[in-house]
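In what follows, a single structure is set out as structure tokens and then discussed.
Coordinate-derived values only; no laboratory data. For clarity, every value in this text was computed on a predicted model and none was experimentally measured. Cβ placement follows ideal geometry from the backbone for every residue including glycine, while neighbour counts extend to all protein chains displayed.
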2 protein chains.
Amino acid sequence: MQELNIKKFIDEKINLIRETVMDEIAINALSGGIDSSTVTILGHRALGDKLKTVFIENGLMREGEALQVAGFFRKLGVNIDIVDAHEEFFSALKGITDPEEKREAITQTFYKDVFGRIVRESGAKFLLQGTILTDIDETVAGIKRQHNVFQQLGIDPQEVFGYSILEPLIELRKDGVRKVGKTLGLPTELYDRIPFPGPALSARVIGEVTPGRIETVRKATTIVEQMLKDTNAFQYMAILHSDRVTGMRDGKREFGQQIEIRCWDSVDARTAQPTKLPFETLRKLALKIIDEVPGIVSVTYNIAPKPPSTIEAV
Amino acid sequence: MQELNIKKFIDEKINLIRETVMDEIAINALSGGIDSSTVTILGHRALGDKLKTVFIENGLMREGEALQVAGFFRKLGVNIDIVDAHEEFFSALKGITDPEEKREAITQTFYKDVFGRIVRESGAKFLLQGTILTDIDETVAGIKRQHNVFQQLGIDPQEVFGYSILEPLIELRKDGVRKVGKTLGLPTELYDRIPFPGPALSARVIGEVTPGRIETVRKATTIVEQMLKDTNAFQYMAILHSDRVTGMRDGKREFGQQIEIRCWDSVDARTAQPTKLPFETLRKLALKIIDEVPGIVSVTYNIAPKPPSTIEAV
């Protein structure tokens, strides 16, 4: 899109949202990703305080993430409600080790238990979503998809009339969304953050997700992101393994935990190569993680390409 | 020890073994390590065919290890009986994931079930052992220790009289044993082999030890030992993890297995640093393992020092 077209696109969408919502209330969930951030700022330009935006703190975020994202929006004059729901998520994840079941538990808890409840209690009849063209499975028609969203939220559109979903970004692909977001004033720090998976840090834990294990991988993630941020790598991460390995602490043998570091060179995530980091960087990373993250006695670096590896471990 | 003393030591021990065993039969177990190899060659110089030497194939050895060790001795005119006991060991290891319990199962199977049976059936009353000074726990008196060996073999020295243990290397430390072995003609290939743990490849498998998992780590071990043998590193190894990680094969998502490579610089094994291998070497290692070892989709390299890591993982 040309710059002129972006401004036109924004004006049209703002008008459309205003004319649709009228004097009602709208609501949306902000994850801090580009799509939900762009729809948040677009919605607030259209509706002001009539759009209620919630950031659901699921306990699986990176260090300070909720406050950081809310801070970006406060500077833009947009107030974000941070909803602490970490107990509901950890309770849903308890005892689950299968990665697909973890993902499903997080999705269910998000839609049905937490965001669904907030939507139902808010009185909002309009739900803003950052859906983009890439999200849409071509085999699923629009109506069925929207019906599914309501079902996920525990709202039966056959019984409860009047709910609508607004998806102002649905014609755009990722590059278009980035341009719209930038034009609307989203800060570059939001764009520069490396890709982060939907299930957040639970995707960085092999085996059961507990508050303690999330805290361990969160600390390691902070170290890895700080030390590798100048590498220009496509993606980098810390993964907490479930396997125990032998270690020595204070002269005593102990079964400790292992962190695996992955750092990827990639253009489009379809194929990827481990970044050729200097050995000194690897050594420093390992020492810092061992020193600062309780329980970690071993650190490895991924040296296998994608394929047959994938970028994330679970 | 001076060279003169070594020859004298060897002559004295050969005479002592001959005078003790007389016309009886002696037996010993050869593992392929320096101590058991040295006592084997010393015993055969003294007793010839009256010493029966067994190499117990527990199914946990490296590729071709039993034949390689037997081959070294055949060249020295010594015949080794290779006893295939892999089914007994795998059956004892079935279902065990705890590292200490694995070690105990292997020790029990070796002494009580396999070697004990061979000793009892052999008619030998003299047992040659490669015990060296370092092996002896100072708090354990010699008699008690020897009594323990018989107990381990399922022989009650109170009931069955006449069994004796001969330990001709017991005054020596490792460097002395090496000199004796070299003087007796043990080939340098035997000395140059990197350290290998007692529980063999079962110490390189996190989680349950099965024939399939041993075969996986054996293949990876062969690749790692071939590709790193010119590094002059202190020790290098492949470890099969129990944690599953996501991989892609032929366009399909699969949960695959991970191999961790460790390569150590060390003088005395008390502290150790990961060897600074060229990134190209790491890349080639990963690709070869992924290509040649079925089920492996991910390879990592250890970057943590000892301590707090240990050299082996289990």
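Below is a table of values for the structure above.
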| read-out | value |
| --- | --- |
| Within-12-Å neighbourhood charge of B:Trp264 [Cβ basis; K, R +1; D, E -1] | +1 |
| Summed side-chain charge close to A:Arg18 - residues other than A:Arg18 whose Cβ falls under 12 Å, Lys, Arg +1, Asp, Glu -1 | -2 |
| Fraction of beta bridges assigned by DSSP in the protein assembly as shown that are antiparallel (%, nearest 5) | 45 percent |
| Where rotation carries B onto A, the chain B residue whose Cβ is nearest that axis, in whole Å | B:Thr300, 2 |
| Given A:Lys50/A:Lys179; A:Lys174/A:Lys306; A:Lys52/A:Lys112; B:Lys52/B:Lys182; B:Lys50/B:Lys94, the pairs whose alpha carbons are separated by over 27 Å | B:Lys50/B:Lys94 |
| Label geometry 7 Å along the beta-carbon vector: B:Glu280 inter-copy distances in nm | 2.1 |
| Estimated [θ] at 222 nm from DSSP helical runs (n ≥ 4, -39500 (n - 2.57)) normalised by residues in the protein assembly as shown, nearest 500 | -12500 deg cm²/dmol |
| 5 angstrom amide H check on B:Ile56, placed H, neighbours 5+ away | B:Leu30, B:Val83 |
| Alpha-carbon centroids, segment B:218-275 and segment A:247-276: separation in whole Å | 13 Å |
| Positive minus negative residues near B:Leu287 (Lys, Arg vs Asp, Glu; Cβ under 15 Å) | +4 |
| More than 39 Å apart - percent of Cα-Cα pairs taken over the protein assembly as shown | 46 percent |
| Kirkwood Rh (inverse of mean 1/r, distinct Cα pairs), chain B, angstrom | 21.2 Å |
| Label distances, nm, B:Leu76 versus same residue in remaining copies, Cβ-directed 7 Å point | 7.7 |
| Under the Karplus curve 6.51 cos²θ - 1.76 cosθ + 1.60, θ = phi - 60°, whole-Hz ³J(HN,Hα) for segment B:48-54, x wherever Gly or Pro sits | x, 6, 6, 9, 9, 10, 10 |
| Peptide B:245-256, shielding by other chains (average Cβ, 10 Å cutoff) | 4 |
| Sequence-distant residues sharing a close amide H with B:Ile165 (under 5 Å, placed H) | B:Leu127 |
| Gyration tensor (Cα) of segment B:24-95, equivalent ellipsoid semi-axes in angstrom | 24, 13, 10 |
| For B:Val314, residues with placed amide H under 5 Å, excluding near neighbours | A:Thr246 |
| Charge dipole magnitude, Cβ of K and R +1, D and E -1 - chain A, Cα centre, debye nearest 20 | 700 debye |
| Residue-averaged beta-carbon neighbours from other chains (10 angstrom radius) around B:293-302 | 5 |
| Segment B:214-314 - Rg and Dmax from Cα coordinates, angstrom | 13.8, 47 |
| Average partner coverage of B:258-269, which counts Cβ from other chains inside 10 Å | 2 |
| Estimated FRET transfer efficiency when R0 is 30 angstrom, pair A:Asp265-A:Arg173 (beta carbons, to 0.05) | 0.80 |
| Calculated label separations, A:Glu121, copies of the chain, 7 Å along the beta-carbon direction, nm | 7.5 |
